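Visitor: Input: one structure, supplied below.
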Amino acid sequence: DAVWAAEYLFLGVKPNGMRALLEELAPQIRDRHRVGEDKVVVSMAAGLPIKDMRPHLAGAGYYVPVVRIMPNTCVAIGKGMTALCAGEAAEAFIRGIEEILSATGRVERIPEGLMDQFSAVAGCGPAFVYPYIEALADGGVMAGLPRKQAMEYAAQMVLGAAAMVLESGRHPGQLKDEVCSPGGSTIAGVAELERGGLRSAAINAVLAAYQRGAELGR
């Protein structure tokens with residue numbers, strides 16, 4: 001029914017389920033092509049390049065445009081970050097897909113060779129930030145704040161800090177320096193984060209996600 005009704009077919013399955021799905025859809029896409037209705041396939045599968053999807057659409061009987069996107073879960077509230085890329089045959093359909101995704105947050109075209117890297121930062125990133133927000137709230141509770149307020153304050157602070165980076169265009173290091181007074185409480189906290197290895201842990205989390213994403217694609 002979806003293939004019959006839609007121009008853009010968004011496929012939200014894991015990489016290991018894509019082959020079977022494409023082969024199941026190909027005859028349906030072929031039938032719609034025969035009556036003059038071409039379809040565009042939009043894949044959300046991490047680590048699976050367009051060239052590896054094409055053979056499984058052979059049953060469609062024509063060159064089906066394929067686009068890859070990688071959203072994150074924040075699209076659910078219109079605050080997402082989504083990357084997309086397409087082969088030459090699908091370029092004409094990019095604007096339509098961008099319009100569909102515009103309500104979900106920021107959308108940016110990138111080369112397909114950077115999709116796995118994007119996924120490791122923006123796709124996986126919310127799961128790296130949530131424990132940090134929870135930890136900040138835990139610290140607030142230890143300091144005497146009620147749990148509900150501590151969580152709200154931490155989450156709003158992260159939201160505001162992210163907006164400062166995006167809207168000001170200034171480097172995060174510069175923004176950090178603007179908060180840190182000489183000998184003050186903020187620089188004492190920053191020093192503790194450095195002692196705990198916050199930066200190296202974040203870097204290693206992104207690299208681990210990137211490497212695992214590449215493995216899933218294979």
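Visitor: So which residues in the range 79-90 are in contact with a helix residue (DSSP H, G or I) (Cβ under 6 Å, 6 or more places away or on another chain) and either under 28 Å from Ala202 (Cα atoms) or surrounded by fewer than 18 Cβ atoms within 10 Å (Cβ to Cβ) (or both), if there are any at all? Before the answer, list the steps.
Guide: Filtering the range 79-90 for residues in contact with a helix residue (DSSP H, G or I) (Cβ under 6 Å, 6 or more places away or on another chain) gives 80-83, 85-87.
Of everything in the range 79-90, those that are in contact with a helix residue (DSSP H, G or I) (Cβ under 6 Å, 6 or more places away or on another chain) and either under 28 Å from Ala202 (Cα atoms) or surrounded by fewer than 18 Cβ atoms within 10 Å (Cβ to Cβ) (or both) turn out to be Gly80, Met81, Thr82, Ala83, Cys85, Gly87.
Visitor: Additional query: If I ask for residues that are out of contact with any Gly (no Cβ under 9 Å at 6 or more places or on another chain) and within 19 Å of Gly125 (Cβ to Cβ), which ones from the range 147-166 would you list?
Guide: Quick first cut of the range 147-166, residues out of contact with any Gly (no Cβ under 9 Å at 6 or more places or on another chain) only: 148, 152, 155-166.
Listed by number, the residues that qualify are Ala155, Gln156, Met157, Val158, Leu159, Gly160, Ala161, Ala162, Ala163, Met164, Val165, Leu166.
Visitor: It is to be established whether one or more residues within the range 174-185 are in contact (Cβ under 8 Å) with a residue 24 or more places away in the chain and either under 25 Å from Lys79 (Cα atoms) or basic (Lys, Arg) (or both). Even if it seems obvious, please write down each step before you answer.
Guide: Of the range 174-185, the ones in contact (Cβ under 8 Å) with a residue 24 or more places away in the chain are none.
No; the residues of the range 174-185 include none that is in contact (Cβ under 8 Å) with a residue 24 or more places away in the chain and either under 25 Å from Lys79 (Cα atoms) or basic (Lys, Arg) (or both).
Visitor: Which pairs turn up if I take residues in the range 188-210 that are over 21 Å from Asp177 (Cα atoms) and look for partners that are hydroxyl-bearing (Ser, Thr, Tyr) and in a helix (DSSP H, G or I) with beta carbon separation below 8 Å, at least 6 apart in sequence or on another chain?
Guide: As it stands, the answer is Ala209/Ser119; Tyr210/Ser119, since those pairs meet every condition given.
Visitor: Moving to a separate point now. What pairs come out if I take residues in the range 55-84 that are among the β-branched types (Val, Ile, Thr) and pair them with residues that are assigned to a loop (DSSP other than H, G, I, E, B) whose C-beta lies under 9 Å away, six or more apart or interchain?
Guide: That search, which allows pairs on different chains as well, returns Val64/Asp38; Val64/Lys39; Val66/Gly87; Val67/Gly87; Ile69/Met44; Thr82/Pro71; Thr82/Asn72.
Visitor: Pull out all pairs, ordered by first then second residue, where Cβ-Cβ is under 8 Å, the residues are six or more apart or on different chains, the first lies in the range 120-139 and is closer than 25 Å to Val107 by Cα, and the second is assigned to a helix (DSSP H, G or I) and aromatic (Phe, Trp, Tyr).
Guide: Ala120/Tyr210
Visitor: Next question. Which numbered condition trips up Ala103, out of (1) over 21 Å from Lys51 (Cα atoms); (2) over 19 Å from the mean Cα position of the chain (by Cα); (3) part of a helix (DSSP H, G or I)?
Guide: Unmet condition: (2).
Visitor: Can you tell me which residue among Met151, Met164, Met157 is of a type outside the set (D, E, K, R), assigned to a helix (DSSP H, G or I), out of contact with any Phe, Trp or Tyr (no Cβ under 6 Å at 6 or more places or on another chain) and within 30 Å of Glu112 (Cα to Cα)?
Guide: On the way: Met151 fails: within 30 Å of Glu112 (Cα to Cα); Met157 fails: within 30 Å of Glu112 (Cα to Cα).
Just one listed residue meets the conditions, Met164.
Visitor: With the requirement that a residue be closer than 21 Å to Gly47 by Cα and either at pLDDT 95 or above or assigned to a helix (DSSP H, G or I) (or both), what does the range 85-97 give you?
Guide: Going through the range 85-97, the residues closer than 21 Å to Gly47 by Cα turn out to be 85-91, 94, 97.
Result: Glu88, Ala89, Ala90, Glu91, Ile94, Ile97.
Visitor: Can you list the helices (runs of 4 or more DSSP H) found entirely within the range 1-64 that contain at least 3 residues being over 20 Å from the mean Cα position of the chain (by Cα) and either aromatic (Phe, Trp, Tyr) or loosely packed, with under 14 Cβ neighbours inside 10 Å (or both)?
Guide: 2-5, 15-34
Visitor: Could you identify the single residue in Phe93, Phe118 that is within 21 Å of the chain's Cα centre (by Cα), more than 29 Å from Ala205 (Cβ to Cβ) and of a type in the set (Phe, Trp, Tyr)?
Guide: Step by step, each of Phe93, Phe118 is checked, and only Phe93 is within 21 Å of the chain's Cα centre (by Cα), more than 29 Å from Ala205 (Cβ to Cβ) and of a type in the set (Phe, Trp, Tyr).
Visitor: Taking Arg199, is it under 25 Å from Ala120 (Cβ atoms) and either of a type in the set (Gly, Ala, Ser) or modelled with pLDDT of 95 or more (or both)?
Guide: On the way: under 25 Å from Ala120 (Cβ atoms): yes; either of a type in the set (Gly, Ala, Ser) or modelled with pLDDT of 95 or more (or both): yes.
Taking the combined requirement at face value, the residue satisfies it.
The values are calculated or read from the model by the stated rules, or taken from the named source; none is laboratory data. Predicted model only: the values in this text are computed from it and were never measured. So basically every Cβ, Gly included, is an ideal-geometry build from the backbone, and we count neighbours across all protein chains shown.
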